[in-house]
Amino acid sequence: MDDKELLSRLAHNIKVERAIKSLTQAQLAELIGVHEKYIGVIEAGKQNITLKTLNRIANSLEIDIVRLFEIKK
């Protein structure tokens, strides 16, 4: 898997998991301490995020970080 594919998968999975929790981008951003536009950029697959940020997202969504790497339709 190349970098672009990985970012795309993470972006999609974050968006899906956020929707499952009925959170807006602004609400997720507040939970992890970033600007809501940053969440939008992440969900667009345009931002290479740190492991620390990825962990904060997973914790805020109350999921195991591994779920953000799974293939979902």
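Of the listed requirements (1) within 11 Å of the chain's Cα centre (by Cα); (2) open to solvent by less than 80 Å² (accessible area, probe 1.4 Å), Thr24 misses just one: (1).
Annotation note: Cβ proximity below 6 Å between a residue of the stretch 41-64 that is free of Cβ contacts under 8 Å to residues at least 40 places away in the same chain and a residue that is in a loop (DSSP other than H, G, I, E, B) (sequence gap 6+ or interchain) occurs for Val41/Gln47; Ile42/Ile49. Of all residues in the stretch 47-61, those satisfying the criterion of being in a loop (DSSP other than H, G, I, E, B) and either among the hydrophobic types (A, V, I, L, M, F, W, C) or in contact with an Asp or Glu (Cβ under 9 Å, 6 or more places away or on another chain) (or both) are Asn48, Ile49, Leu61. Only residues that are hydroxyl-bearing (Ser, Thr, Tyr) and under 13 Å from Lys15 (Cα atoms) were counted in the stretch 39-59, giving 0.
If you filter the stretch 1-21 down to residues that are more than 12 Å from the chain's Cα centre (by Cα) and either surrounded by 17 or more Cβ atoms within 10 Å (Cβ to Cβ) or not aliphatic (A, V, I, L, M) (or both), you find that the one that is nearest to Arg67 (Cα to Cα) is Lys21.
The values are calculated or read from the model by the stated rules, or taken from the named source; none is laboratory data. Note that the structure is predicted; figures quoted are calculated from it, not measured. Every residue, glycine as well, gets a Cβ built from its backbone with ideal geometry; the counts of neighbours run over all protein chains shown. Note: areas computed on protein heavy atoms with side chains; ligands, DNA, RNA excluded. Shrake-Rupley method; radii C 1.70, N 1.55, O 1.52, S 1.80 Å.
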